[in-house]
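What follows is a short report on a single structure.
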Amino acid sequence: MATTVKSKADNASQHEKVVELVEGVHSPGTKLTTEERQRERRVKWKIDLFILPLLSTVYFLASMGRSDLGNAKISGMDKELRLTPDQYSNVSSIFYVGYIVLQLPATLLVRKIGPPLQFGLAMMAWGLVTACTVVIHSYAELVVIRVFVGVSEAFVQGAVFYLSFWYPADELATRGAIFFSMATVAGGFNGLIAYAVQTSLDGNNGWRAWRWLFLIEGIIPIGWAFFVIFLLPNTPETVKFGFTEEDKQIVIRRSRRAQNTGESKILPQKILQVIFDYKFWMLVGIESATVSGVNAIGNFLPDILHSFGWSIVKSQLMSVIVYACAFVSILFWARVSDKWGHRGYVIFINCCVAIVGLVLLLAVTNNSARFFATCLLAMGLFSNVVVNLVWSASINIGYTHRASAAALINCIAQAVAIGLNQAYDDPPLYRKGNGTALGLISLAAVLSASLIIAIKWENKKKRENQHTEEAARLRLFSIDEIGNKHPDYFFMD
């Protein structure tokens with residue numbers, strides 16, 4: 001290999017530039033004065049109180065659109081449309097077809113289209129389609145509706161990637177948890193809306209409660225989309241509203257610490273580098289198991305609780321408790337992960353919690369014990385989704401690497417989730433589905449432990465080779481060009 005090495009001065013300059021870019025992975029970055037720390041803290045609070053809540057509402061409403069099917073089912077949808085258990089499984093799975101197909105291009109285009117416009121138009125689209133559910137009268141029409149809801153929601157899944165523009169690695173898990181915890185809030189909120197609709201609107205205008213549920217949950221995102229379009233900033237480089245020029249420079253500096261170069265050019269060949277990285281496939285395995293379980297909870301939880309012999313109203317309300325447990329668990333474990341500085345260990349612990357929940361669901365028939373097991377399952381699974389996604393964001397750096405990894409991991413995980421949904425076709429105990437989930441979560445525990453070992457080994461090799469000719473050659477390339485192969489970049493385990 002004939003590679004010409006630049007002069008020592010050029011090489012040192014390039015090295016300093018790259019070190020500035022990659023530092024902050026395990027530390028907050030260069031030492032700041034007290035005044036600088038106060039300014040950065042003030043700016044971080046602005047991001048926390050303005051951008052994070054606004055972005056979280058997008059995910060909250062998207063999660064409502066995904067998880068409302070289970071509440072609609074026990075509110076009369078399955079009886080009115082004469083759905084068999086297999087047909088309901090198909091309806092819950094078909095959502096992910098368009099969602100999976102379009103998620104990679106939609107995530108890669110986040111910077112090109114602009115997050116506010118992309119997310120806002122997507123919200124309008126799925127809101128409109130969801131509201132149209134009120135006029136359907138057959139299984140086939142419901143299938144078409146769910147396909148188009150999935151297509152629309154694919155365009156907001158880049159929100160996790162967008163979040164990584166604003167926070168360095170040592171802050172991302174906690175903020176990602178606040179963001180992703182909206183899925184549990186949405187699940188609980190769906191239960192409350194379903195309860196209110198069931199008790200006050202069922203039969204009004206000749207509609208059963210489930211039609212009112214879809215109408216209400218379709219109108220809300222359409223209205224909120226306008227706030228997202230006009231208030232959400234595009235990128236740290238273009239932030240204006242509420243931020244001074246000094247604030248903007250601090251935001252950009254923080255973004256660089258998160259290995260964001262500000263470059264939005266899509267490099268298709270870099271997608272292949274992600275696919276051929278074994279770490280990517282281990283993350284895929286963990287996410288597939290976790291997302292499959294989370295989706296099963298969203299689609300079947302109300303029905304599982306209803307099978308306890310509880311009334312429809314009580315089942316809707318008790319589902320709120322399950323989501324509340326998951327909400328607390330997400331925030332707790334994400335904070336632990338950021339403070340502790342480890343991702344894989346947290347994932348392994350939560351896999352064990354979920355395994356205990358699944359074993360109890362398979363082994364006992366007492367309703368109280370099964371409800372406790374359901375809470376354990378939700379606490380373990382929901383926490384792992386966010387920790388694994390931020391682990392992926394820290395492992396895959398550079399615009400194309402990070403965007404494609406985030407999208408592909410989620411796409412493959414959702415495809416696997418379709419298979420698990422199909423396994424939940426034996427109500428009321430759903431032993432086949434829970435048994436399959438147990439196997440998947442056990443595999444995720446093994447993969448998380450293995451990835452910890454592999455990352456420690458890679459970090460050790462990088463430290464040993466810091467002063468070799470190969471390391472000097474690699475320092476001539478940017479983060480966007482070689483991603484996590486950069487010799488000065490070390491992985492968080």
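At a glance:
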| quantity | calculated |
| --- | --- |
| Of residues in region 284-333 being part of a loop (DSSP other than H, G, I, E, B) and not polar (S, T, N, Q), the one nearest to VAL385 (Cα to Cα) | PHE308 |
| Pick from region 468-480, criterion crowded, with 17+ Cβ neighbours inside 10 Å and assigned to a helix (DSSP H, G or I), ranking: modelled with the lowest pLDDT | ASP480 |
| Residue that is at pLDDT 85 or above and surrounded by fewer than 22 Cβ atoms within 10 Å (Cβ to Cβ), where the choices are TRP224, TRP212 | TRP224 |
| Hey, GLY380 without any contact (Cβ under 8 Å) to a residue 40 or more places away in the chain and either basic (Lys, Arg) or buried (at least 19 other Cβ atoms within 10 Å of the Cβ) (or both) or not | no |
| Single residue of region 135-184 satisfying the filter (among the aromatic types (Phe, Trp, Tyr) and out of contact with any Pro (no Cβ under 7 Å at 6 or more places or on another chain)) that is farthest from LYS248 (Cα to Cα) | TYR139 |
| All helices (runs of 4 or more DSSP H) inside region 64-138 with 3 or more residues being more than 17 Å from the chain's Cα centre (by Cα) and closer than 26 Å to ILE312 by Cβ | 85-108, 115-131 |
| Matching residues in region 75-130 - criterion: being of a type in the set (Lys, Arg) and modelled with pLDDT under 90 | ARG111, LYS112 |
| Hits in region 413-434 (condition: assigned to a helix (DSSP H, G or I) and either closer than 12 Å to THR290 by Cβ or among the acidic types (Asp, Glu) (or both)) | ALA413, GLN414, VAL416, ALA417, LEU420 |
| Identity of the residue in region 435-467, polar (S, T, N, Q) and part of a helix (DSSP H, G or I), that ends up surrounded by the most Cβ atoms within 10 Å (Cβ to Cβ) | SER448 |
| Single residue of THR365, THR374 found to be farther than 26 Å from LEU163 by Cβ, outside any helix (DSSP H, G or I) and not aliphatic (A, V, I, L, M) | THR365 |
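The values are calculated or read from the model by the stated rules, or taken from the named source; none is laboratory data. This one's a predicted model, so the numbers in the text were calculated from it and none came from an experiment. Neighbour counts are summed over all protein chains in view; Cβ atoms, including those assigned to glycine, are modelled from backbone coordinates with ideal geometry.
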